[in-house]
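Written out below as structure tokens is the structure these notes cover.
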Amino acid sequence: QVQLVESGGGLVQPGGSLRLSCAASISIFSVYNMGWYRQAPGKQREAVAIITTGDSTNYADSVKGRFTISRDNARNTVYLQMNSLKPEDTAVYYCNADHLTLPLMYWGQGTQVTVSS
């Protein structure tokens, strides 16, 4: 089983930056697409950014130009660099691992990001 542990969340002012990290328990990046999702109170969970095993990336329109997803395969870690943060970015952010061919998916425990002045 894959375990995912997020870190890096916290309180930041509008316009500030945070870097989220997701550490995987084993080396699985060759067969899992990785992604970051977020869920605000009363709202549906939404995909923020994904990175494939081929290193292609996709972003939600709301974060394009502000967020960057990356991976460090040697450290089994995925990152989400968040710049120019807005209050609308406030949510619990979850790391996700989605198997390429099997109906197999793992989630981290989530980390709170709060953007407020």
Residue list for region 91-113, filter: closer than 19 Å to Ser17 by Cα, in contact with a Ser or Thr (Cβ under 7 Å, 6 or more places away or on another chain) and either among the aromatic types (Phe, Trp, Tyr) or open to solvent by 40 Å² or more (accessible area, probe 1.4 Å) (or both)
Tyr93
Only one of Leu20, Leu85 is part of a loop (DSSP other than H, G, I, E, B) and surrounded by 14 or more Cβ atoms within 10 Å (Cβ to Cβ); which?
Leu85
Need pairs with beta-carbon distance below 6 Å; first residue under 15 Å from Asn76 (Cα atoms) and within region 43-54, second not hydroxyl-bearing (Ser, Thr, Tyr); sequence gap 6+ or separate chains.
Ile51/Met34; Ile51/Ile69; Ile51/Arg71; Thr52/Asn33
What do you reckon, is Leu80 open to solvent by 40 Å² or more (accessible area, probe 1.4 Å) and either modelled with pLDDT of 95 or more or within 14 Å of Asn33 (Cβ to Cβ) (or both)?
no
As an exercise: evaluate Pro41 against (1) modelled with pLDDT under 95; (2) over 30 Å from Ser117 (Cβ atoms) and give the number of the one condition it does not meet.
(2)
Give region 46-83 a look and list any residue that's under 18 Å from Val115 (Cβ atoms) and of a type in the set (Lys, Arg), or say none.
Lys64, Arg66
Quick one: in region 58-74, of everything that is within 14 Å of Cys22 (Cβ to Cβ) and over 12 Å from the mean Cα position of the chain (by Cα), which residue is surrounded by the most Cβ atoms within 10 Å (Cβ to Cβ)?
Asn73
Just the residues that are open to solvent by less than 60 Å² (accessible area, probe 1.4 Å), more than 17 Å from Val5 (Cα to Cα) and in a strand (DSSP E or B), please, taken from region 26-48.
Ala47, Val48
Within region 88-113, residues within 12 Å of the chain's Cα centre (by Cα), under 14 Å from Gln3 (Cβ atoms) and assigned to a strand (DSSP E or B) come out as Tyr94, Cys95, Asn96, Ala97, Trp107
Boolean, Tyr93 is of a type in the set (Phe, Trp, Tyr) and farther than 15 Å from Thr114 by Cβ
no
Give region 1-17 a look and list any residue that's more than 18 Å from Thr77 (Cα to Cα) and either open to solvent by 50 Å² or more (accessible area, probe 1.4 Å) or of a type in the set (S, T, N, Q) (or both), or say none.
Leu11, Gln13, Pro14, Gly15, Ser17
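The values are calculated or read from the model by the stated rules, or taken from the named source; none is laboratory data. Please read all numbers here as calculations on a predicted model, not as lab measurements. Reconstructed Cβ throughout: ideal geometry from the backbone, glycine too, with neighbour counts over all protein chains shown. Calculation scope for accessible area: heavy atoms of the full protein, side chains included, ligands and nucleic acids excluded. Shrake-Rupley method; radii C 1.70, N 1.55, O 1.52, S 1.80 Å.
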